[in-house]
Amino acid sequence: MCAIHQPNLFPRLSTLAKLFAADCWIVLDDAQFTRCDYQHRTRLAALDDPAHRWWLSIPSQLPNGRNTTVREVVMAEPARSRQRIARILQQYYGCSPHWPALRQALAPVLDVFATSDRTAAVAEASTRALLDLLGWQGRILHSSSLPARPGRSQRLADLAAAVGARTYLCGSGGMSYLDAAPFTANGIAVAPFTVPATGVWETAREISSIWPLMRTGPQRLVSSLHTIHSRGRTRAIPGSTP
């Protein structure tokens, strides 16, 4: 089972849950960069007051203007961004009993600022760090290194086929435009992925998954993720298999 998603900076819980449910995450790094998305920013929430929210962004430059792809985006102030991320995250979550685990997981993310000038590298590392914290054992590949034909659904189907996936995990947003035919042609089932609209899932709908991690801890969050899967939140749509 594979999921295809652009690298997000400390992604929202729904995004992290989808990737956690997959065996393979294909990082969509050759799509067009979108400033109003989560590719270079995340929305934090105060530990004890999730209504108190604040954007944490990495100032970025687009070498090719609007045609710049995700992997081409360059950080404008990497050293300053590194310091700011480390300081703000500790400020928001340093009092959590689970902060030591997050602080350790953040170390390789902060190291990326010294080895790469690409915003996507930091965003991908931040997602990988959270997945590692949850004990995810999947593999990560990049769309830019895989063969795929043009066309939105065709491209996604080809990427899934390139990694040998038998099931494509699709978020609710993607289901609104997805054409299952190219997947069927490749023998790949399309499985919609949804999360509950209650409890921590509703509270954390628009904020970084760091907040529920620091509120409940990795173990309880993993237990919640497994419960979602066991209740059939991920099911292949009718007619999506040959």
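The values are calculated or read from the model by the stated rules, or taken from the named source; none is laboratory data. Note that the structure is a prediction, hence the values are computed from the model and not measured. Reconstructed Cβ throughout: ideal geometry from the backbone, glycine too, with neighbour counts over all protein chains shown. With ligands, DNA and RNA removed, areas are computed over all heavy atoms of the protein, side chains included. Shrake-Rupley method; radii C 1.70, N 1.55, O 1.52, S 1.80 Å.
Scan region 50-69 and give yes if some residue there is farther than 25 Å from residue 206 by Cα, touching a Pro at 6+ places or on another chain (Cβ under 8 Å) and open to solvent by 50 Å² or more (accessible area, probe 1.4 Å), otherwise no. Checking region 50-69: not a single residue is farther than 25 Å from residue 206 by Cα, touching a Pro at 6+ places or on another chain (Cβ under 8 Å) and open to solvent by 50 Å² or more (accessible area, probe 1.4 Å).
With 37, 29 as the choices, which residue is open to solvent by less than 20 Å² (accessible area, probe 1.4 Å), among the acidic types (Asp, Glu) and over 28 Å from residue 220 (Cβ atoms)?
Working: 37 fails: open to solvent by less than 20 Å² (accessible area, probe 1.4 Å).
Selected residue: 29, the only one of 37, 29 that is open to solvent by less than 20 Å² (accessible area, probe 1.4 Å), among the acidic types (Asp, Glu) and over 28 Å from residue 220 (Cβ atoms).
Tell me whether region 120-127 contains one or more residues that are over 26 Å from residue 199 (Cβ atoms), open to solvent by less than 30 Å² (accessible area, probe 1.4 Å) and among the acidic types (Asp, Glu). Yes, because at least one residue in region 120-127 is over 26 Å from residue 199 (Cβ atoms), open to solvent by less than 30 Å² (accessible area, probe 1.4 Å) and among the acidic types (Asp, Glu).
Of all the listed residues (182, 196, 192), the sole one being in contact with a helix residue (DSSP H, G or I) (Cβ under 8 Å, 6 or more places away or on another chain) and assigned to a helix (DSSP H, G or I) is 182. Listed by first and then second residue, the pairs linking a residue in region 117-137 that is at positive phi to a residue that is of a type in the set (Val, Ile, Thr), with Cβ atoms under 9 Å apart and 6 or more places separating them unless they lie on different chains, are 135/222.
Taken as a whole, region 10-21 holds no residue that is of a type in the set (A, V, I, L, M), in a loop (DSSP other than H, G, I, E, B), open to solvent by 10 Å² or more (accessible area, probe 1.4 Å) and within 30 Å of residue 192 (Cβ to Cβ).
Residue check: is residue 66 more than 29 Å from residue 99 (Cβ to Cβ), touching a residue at least 40 places away in the same chain (Cβ under 8 Å) and assigned to a helix (DSSP H, G or I)? It is false that residue 66 is more than 29 Å from residue 99 (Cβ to Cβ), touching a residue at least 40 places away in the same chain (Cβ under 8 Å) and assigned to a helix (DSSP H, G or I).
Here residue 149 clears all of (1) in contact with a helix residue (DSSP H, G or I) (Cβ under 9 Å, 6 or more places away or on another chain); (2) open to solvent by less than 50 Å² (accessible area, probe 1.4 Å) except the condition numbered (2).
The single residue among 154, 83, 104 that is part of a helix (DSSP H, G or I), touching a Pro at 6+ places or on another chain (Cβ under 7 Å), open to solvent by 30 Å² or more (accessible area, probe 1.4 Å) and at pLDDT 95 or above turns out to be 154.
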